[in-house]
Amino acid sequence: MEFLDILLSASFWAAAIRIASPLIFATLGELICERAGVLNLGIEGIMVAGAFAGWIAVWAGLPLWGGVAVAFATGMALGFVHSVLSVPFGLSQHVVGVGLTLLATALTFYTYRVVLPEVSSPPKIQAFTAVEIPVLSKIPLIGPALFNQTPLTYAAFIMVAVVAFVLYRTPLGLAVRAVGENPGAVAAQGLSVTGIRMGAVIVGSGFMAVGGSFLTLSAFDSFFFDMVNGRGWICIALVVFGAWKPGKALLGAILFAAFDAFQIRLQQTSVGAFLPYQVFLMMPYILSILALVAMSRRAEVPAALMVPFNKGER
Amino acid sequence: MEGAGPAQPVLRLTDITKHFGPVVANDGVSFDLHRGEVIALLGENGAGKTTLMNILFGQYTADAGYVELFGERLPPGRPRAALDAGVGMVHQHFTLAGNLTVWENIVLGVDGLTAPSLRPAKAKARIRDLSERFHLKVDPEVRVGSLTVGERQRVEILKALYRDAKILILDEPTAVLTPQETDALFATLRQAVAQGLSVVFISHKLHEVLAIASRVVVLRHGRLVAERETKGATREELAALMVGAEVTAPSFEPTVPGPVLLSLKNVTTTGEGRATGLRDVSLDLRAGQITGLAGVSGNGQGALSDLIAGLDSPASGEMWLAGALPRHWSPRTAIAEGIARIPEDRHHTGTIADFNLVENAVLETYRTTYSTGGWMNWTDARRFAGDLIDKYDVRCPSRNIRIRLLSGGNMQKLILGRVLEGEPRIILANQPVRGLDIGAVNYVHGQLAEARARGAAVLLISEDLDEIQRLSDVIHVISEGRLSPAFARGTMKPEELGAWMAGHGFKETTHAA
């Protein structure tokens with residue numbers, strides 16, 4: 001009964017949507033990269049950098065949306081580094097990605113110390129607040145969950161539709177999908193495989209950084225060193241879970257977030273008295289792995305994922 | 001351009017010359033293509049056909065000479081220039097993305113990258129209209145990954161037509177097609193030519209060239225050596241022009257076959273995940289005899305060659321090797337028993353693309369002949385590779401280059417050398433000449449003839465009935481995993497074999513498996 005109470009409470013679903021928001025942005029970013037054939041393992045570091053850049057920009061006096069823009073630009077800059085190494089140079093995408101995560105994380109902490117040398121606890125900013133959407137927010141259960149969130153959460157949902165539209169309805173999206181499947185087909189049309197792939201990695205990395213900035217600008221109001229805490233790696237799994245499709249990836253992100261919100265609440269029930277809390281912390285990950293196994297069996301991996309394109313090679 | 005007379009060529013190459021370092025790939029090549037004409041571009045591997053096409057499509061810049069399309073000079077080195085001017089190319093290796101639908105593949109790149117929408121309804125209507133006009137039946141909504149090879153080629157042609165191509169260039173278009181699909185392709189091309197298109201047809205298959213082209217242009221060592229009407233030309237003449245000497249196909253005089261070296265008795269296999277396994281197959285391979293296996297691919301050829309190569313074991317029935325039942329059947333025992341294979345796919349199962357020629361030459365013998373006590377004996381391996389390269393005429397800049405840089409013919413020669421140097425008792429030749437030019441084909445066939453004369457048993461698997469009939473002492477037809485009786489050389493007409501290939505003539509065996 002306690003389980004059912006949790007599942008039927010609006011606050012539970014509101015929390016799930018909130019937890020899902022950064023994942024949605026970053027998963028979209030990773031999805032764009034992988035659809036173009038580039039695995040971006042820099043995601044974890046880019047999210048850390050985005051969280052910091054957005055927050056420090058607002059702390060320095062920019063408006064909140066200015067902070068989002070700074071985060072996006074920071075992600076694009078890091079994405080540019082990734083794309084130069086992985087696309088024209090064709091280096092191992094695993095090595096480039098992990099290296100970028102280490103670089104971006106370390107650079108963030110370094111910058112933090114340079115900018116705020118003497119502080120013991122990070123300063124707070126005025127974060128995004130919830131905006132209630134008239135009428136819609138009055139729908140029982142769904143209303144408070146979906147239509148009483150911060151503007152950045154609404155933006156996450158809108159971006160899913162935008163990315164899906166671009167991927168499936170525009171020549172640009174078609175080229176991105178083709179370049180991850182058979183770059184030779186794109187080159188034969190006189191289009192630049194290198195340009196399209198680099199562009200996808202750069203834009204995708206921008207999305208990842210915005211996902212990171214959600215943590216400092218919307219979920220919390222400050223920056224902590226370990227606040228991204230593996231969310232980037234979850235997003236890589238969510239892309240697989242979503243079979244490289246934006247809509248399915250959105251569902252995956254909400255599902256994972258729901259598991260997470262559920263376990264927090266479960267800890268406070270009578271079950272929580274018997275089990276160590278770490279068991280609850282494991283839950284979303286275990287359930288995600290199971291869901292991943294079930295969902296990804298028939299998923300189609302972009303055929304040219306992680307295959308560098310060398311013009312003229314037999 | 002309206003003022004251009006009917007005699008004005010749609011495509012004119014003038015004095016195209018291209019060097020790669022010291023190698024001359026094209027040397028002063030000039031020819032014209034007129035409206036509504038099919039010309040064939042003939043030449044052996046390395047004769048410069050591909051380089052010429054790459055110059056036309058701006059991938060390379062010519063050292064000298066120029067290309068004119070519809071009377072206007074093409075700016076060199078601009079990949080889109082030829083496309084935009086109305087030249088469509090159907091590559092030998094298709095340039096399609098499998099996870100996209102047919103129409104998505106076709107419209108890819110047409111509107112540039114900045115258009116706000118793909119306008120699918122309009123695109124699909126146009127594709128349906130084109131496929132009707134040119135008899136290219138294909139559903140625009142289907143994903144390309146689920147199409148057959150023949151259908152994919154239709155998509156490639158549609159792609160060119162969708163871009164209003166006035167000139168179609170087809171690179172080895174029939175290499176992957178069945179005879180029926182080839183006929184359909186030719187019907188389409190005739191349709192296209194009748195509607196004013198011009199076609200450049202690149203091929204090695206001389207009977208096809210004679211069937212479809214009105215004129216041939218022959219390249220040899222980068223130079224244009226002949227240009228003539230096909231009317232009145234014979235295959236032998238064209239072959240001689242291409243190779244630069246009289247070509248004599250190796251002859252296969254009847255011989256007296258020796259003892260049975262390998263014998264299958266009522267063998268059934270599960271097919272190991274392949275669609276078709278073997279069903280109650282009995283087969284004898286005799287010394288000094290070539291046994292031909294005809295059939296449309298995918299009817300159990302793979303299962304049979306896997307079985308003989310040691311990759312699979314009979315689920316029921318027996319396999320006898322030289323009168324004994326082998327124990328523990330694996331690829332390694334098969335090699336030890338003197339079974340050598342020329343694999344169906346030289347790129348994937350025949351060689352390791354990023355290994356060099358030396359490493360590839362000893363792939364099957366490195367454990368036994370070219371190592372002692374766990375150490376490779378590279379000196380001997382290098383000498384062996386060098387011998388193969390000399391003896392089998394493998395043309396390569398060095399034995400230390402990665403094998404992926406060789407042409408198909410040269411790669412096949414290395415594999416052939418590797419196989420034959422072990423003096424195998426049984427040779428499993430699966431599509432040994434697919435995609436090779438006439439010189440290489442005759443070379444491979446000649447080597448198989450020599451192996452036969454030496455007393456080897458050869459199993460020749462091929463989809464080319466012509467090849468099967470010319471080489472084989474006995475012919476079996478395989479269809480849905482069942483094997484026809486043995487037909488002696490010269491006893492069957494192609495149509496009769498074709499009927500067996502289609503599955504007629506087999507008695508449905510009813511006994512329980």
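Brief remarks on what is shown
- Threshold 50 Å², the range A:166-184 residues less accessible with all protein chains present than alone (1.4 Å probe): A:171, A:174, A:177, A:181
- Excluding ligands, DNA and RNA, the accessible surface per residue across the range B:320-463 is 46 Å² with a 1.4 Å probe.
- Kirkwood-Stokes translational diffusion coefficient of the range B:44-174, alpha-carbon pairs, 20 °C, 1.002 mPa s, µm²/s: 135 µm²/s
- Solvent-accessible ranking of A:245, B:49, largest area first, probe 1.4 Å: A:245, B:49
- Protein heavy-atom accessible surface, 1.4 Å probe, per residue over the range A:2-296: 41 Å².
- In this rough spin-label picture, where each label sits 7 Å from Cα along the Cβ direction, the residue B:14-residue B:128 distance is 4.7 nm.
- For the range B:94-164, the per residue solvent-accessible surface stands at 43 Å², with DNA, RNA and ligands left out and a 1.4 Å probe.
- Surface listing: B:93, B:34 arranged by accessible area from highest to lowest gives B:93, B:34, probe 1.4 Å.
- Using the alpha carbons alone, the radius of gyration of the range B:114-210 stands to its Kirkwood radius in an Rg to Rh ratio of 0.98.
- Proximal lysines to residue B:166, defined as alpha-carbon separation beneath 25 angstrom and excluding residues fewer than eight positions away on the same chain: B:49, B:122, B:124, B:137, B:205, B:231
- Once divided by 2.2 N^0.38 Å, the Cα radius of gyration of the range B:231-343 becomes 1.41.
- The apolar share of the surface of chain B, taken as the fraction of accessible area on carbon and sulfur atoms (1.4 Å probe, ligands and nucleic acids excluded), comes to 52 percent.
- Share, in percent, of DSSP beta bridges within the protein assembly as shown that are antiparallel, nearest 5: 55 percent
- Restricting the chymotrypsin sites (Phe, Trp or Tyr not before Pro) of the range A:25-134 to loop positions (DSSP other than H, G, I, E, B) with no more than 14 neighbouring Cβ atoms within 10 Å leaves A:89.
- Going from the isolated chain to the complete set of protein chains, the range B:102-116 loses at least 50 Å² of heavy-atom accessible area (1.4 Å probe) at B:108, B:113.
- Binned Cα-Cα distances of the range B:369-508, short to long, each 10 Å bin given as a whole percent: 10, 33, 29, 17, 9, 2
- According to the Kirkwood relation over distinct C-alpha pairs, the hydrodynamic radius of the range A:2-296 is 19.7 Å.
- Interface A:B - total buried accessible surface [probe 1.4 Å, Å², rounded to 100]: 2300 Å²
- Normalised contact order of chain A, rounded percent, pairs of Cα under 8 Å and 6 or more residues apart: 36 percent
- Above 18 Å, the calculated P(r) of the range B:94-164 contains 30 percent of its Cα-Cα pairs.
- Degrees between helix A:151-169 axis and first principal axis of chain A (Cα, 0 to 90, nearest 10): 30 degrees
- Per residue convex hull volume, Cα atoms of the range B:352-422, in Å³: 76 Å³
- Scaling the Cα radius of gyration of chain B by the globular reference 2.2 N^0.38 Å produces a ratio of 1.06.
- Proportion of all alpha-carbon pairs of the protein assembly as shown beyond 42 Å (%): 47 percent
- Percent carbon-and-sulfur accessible area, chain A, ignoring ligands, DNA and RNA, probe 1.4 Å: 71 percent
- Percent of C-alpha pairs per 5 Å bin, the range A:62-106, short to long: 6, 22, 23, 20, 14, 9, 5, 2
- Cα coordinate range in the range A:47-170, projected on the principal axes (Å, largest first): 52, 48, 23
- Where Rh is the Kirkwood radius over Cα pairs, Rg/Rh for the range A:242-314: 1.24
- Restricting the range B:273-380 to trypsin sites (Lys or Arg not before Pro) that sit in a DSSP loop and have at most 14 other Cβ atoms within 10 Å of their own Cβ leaves B:327, B:367.
The values are calculated or read from the model by the stated rules, or taken from the named source; none is laboratory data. The structure presented is a predicted model; accordingly, all values stated were derived computationally and were not measured. Neighbour counts are summed over all protein chains in view; Cβ atoms, including those assigned to glycine, are modelled from backbone coordinates with ideal geometry. The protein model used for the area step is the full one, side chains on, heavy atoms only, and it has no ligands, DNA or RNA in it. Shrake-Rupley method; radii C 1.70, N 1.55, O 1.52, S 1.80 Å.
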